[in-house]
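Nothing in this text is a laboratory measurement; each read-out follows from the coordinates by a stated rule. Note that this is a predicted model, so its numbers are computed, not measured. Positions of Cβ are backbone-derived with ideal geometry, glycine not excepted, and every protein chain shown enters the neighbour counts.
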Amino acid sequence: MRWPSGIAGRMVVTLVASLTIVWLVGAVANVLIVRAQLEQTLDGGLRETAERIFPLVADTLEDRDSLEFDGYQSGMIDPEGGEYVVYQVRRADGALLMRSHDAPQAVFDAPVVEGFSRSSPWRIYTAGDGVLFVQVAEDESRRDQALWQSAGAIVLPLALLIPLSALIVYSFVRRGLAPLRELGVEVSTRDAANLTPLLARPAPTELFPMRAAIDALLARLRLAFASEKALAANSAHELRTPIAGSLAQTQRLVEELEGHPAQLRAKSVHETLQRLALLAAKLLELSRADSG
């Protein structure tokens with residue numbers, strides 16, 4: 001397939017570039033929306049997890065009757081065998097009482113107050129009753145991974161749609177410019193031998209002024225050529241009699257000046273008149289041939 005040039009090429013490039021920009025802006029907006037919704041969803045899950053763990057932890061520590069850390073560990077395991085959420089149980093003074101399997105041994109660098117906080121690389125939610133606090137944390141790299149997967153699901157189809165849209169735009173542009181190409185072909189067939197008006201055929205309204213202007217130009221050219229032929233024919237016809245009379249006079253003058261020095265000039269004038277008569281005869285023949 002030959003890539004369009006000229007107006008068609010510029011239209012295709014402009015339209016595809018515009019569509020690409022609009023789609024990219026839409027994709028970025030969708031990624032930002034997905035990111036916000038993902039953060040909201042995962043934060044909600046983190047909060048629910050903390051609120052569910054806290055009563056269990058409180059009961060466990062009450063049964064043990066101790067608020068000192070003794071190495072007790074528990075955890076929430078995902079289906080692949082690794083913890084996707086870790087937690088630490090702390091006293092109000094920040095001391096560690098319990099932690100899950102993969103939770104860091106050092107306490108989170110987060111305040112022991114209810115609410116969300118960040119301590120790289122963790123997103124943390126703290127729930128408590130003023131004495132005990134459960135800090136449930138999720139590795140933010142997991143969120144980033146989910147975000148990138150969502151962004152890929154949005155952008156990859158877009159990358160496939162851009163070439164497809166280019167082909168569709170090219171097809172529509174080529175079809176839309178077909179009347180203009182047909183008009184160009186029809187105009188190219190007009191020359192001095194063919195100044196007939198353009199053929200009447202269905203065309204977009206945008207081409208009506210152009211077709212009317214071309215027809216008017218062809219009409220003026222036909223009139224100019226007709227006037228030129230008429231002038232040539234009339235001039236040749238009107239010159240025949242004077243030239244013929246002048247030839248007869250010069251012929252007689254040449255004969256009368258036999259042996260006189262002026263005879264050479266008379267012969268020169270006579271030859272010039274003969275050439276002029278021949279030119280007028282050819283001009284008259286040409287005008288008759290053009291008129292059919």
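What to note about this one:
- Estimated from helices alone, the mean residue ellipticity of the chain at 222 nm is -23000 deg cm²/dmol (sum of -39500 (n - 2.57) over DSSP H runs with n ≥ 4, per residue).
- Placing unit charges on the Cβ atoms only, positive for Lys and Arg and negative for Asp and Glu, gives segment 205-290 a dipole magnitude near 100 debye about its Cα centre.
- Cα-only Debye scattering, segment 6-157: base-10 log of I(q)/I(0) at q = 0.13, 0.19 Å⁻¹: -0.66, -1.10
- Within the chain, antiparallel bridges make up roughly 90 percent of the DSSP beta bridges whose residues both belong there.
- Contact order relative to length of segment 118-245, as percent, for alpha carbon pairs under 8 angstrom and 6 or more apart: 12
- All alpha carbon pair distances within segment 205-290 were sorted into 5 Å bins beginning at 0; the resulting P(r) in whole percents reads 3, 14, 15, 13, 10, 9, 8, 7, 6, 5, 4, 3, 2, 1, 1, 0, 0.
- For segment 177-244, the alpha-carbon coordinates run over 61, 18, 13 Å along the three principal axes, in decreasing order.
- Helix screen, the chain: DSSP H segments with Cα axial length of 18 Å or more and mean Kyte-Doolittle hydropathy at least 0.0 are 6-64, 140-176, 208-256.
- Dipole-positive endmost among 126, 100, 147 within segment 71-208 (Cβ charges, Cα centre): 147
- Model label sites at residue 258 and residue 238, defined 7 Å from Cα along the beta-carbon direction, differ in position by 3.9 nm.
- For segment 205-290, averaging the sequence separation of C-alpha pairs within contact (under 8 Å, six or more residues apart) and dividing by the residue count gives a relative contact order of 40 percent.
- Computed extension length for residue 27-residue 191: 53.5 nm, one decimal, from 0.36 nm per residue of separation with the Cα-Cα distance subtracted.
- Near-label residues of segment 157-191 by backbone N, under 12 Å of a point 7 Å along Cα→Cβ of residue 220: none
- Column: log10 I(q)/I(0), Debye, Cα scatterers of the chain, q = 0.13, 0.14, 0.15 Å⁻¹: -0.99, -1.05, -1.11
- Cut-off 10 Å between beta-carbons: net charge of the residues surrounding residue 112, Lys and Arg +1, Asp and Glu -1: 0
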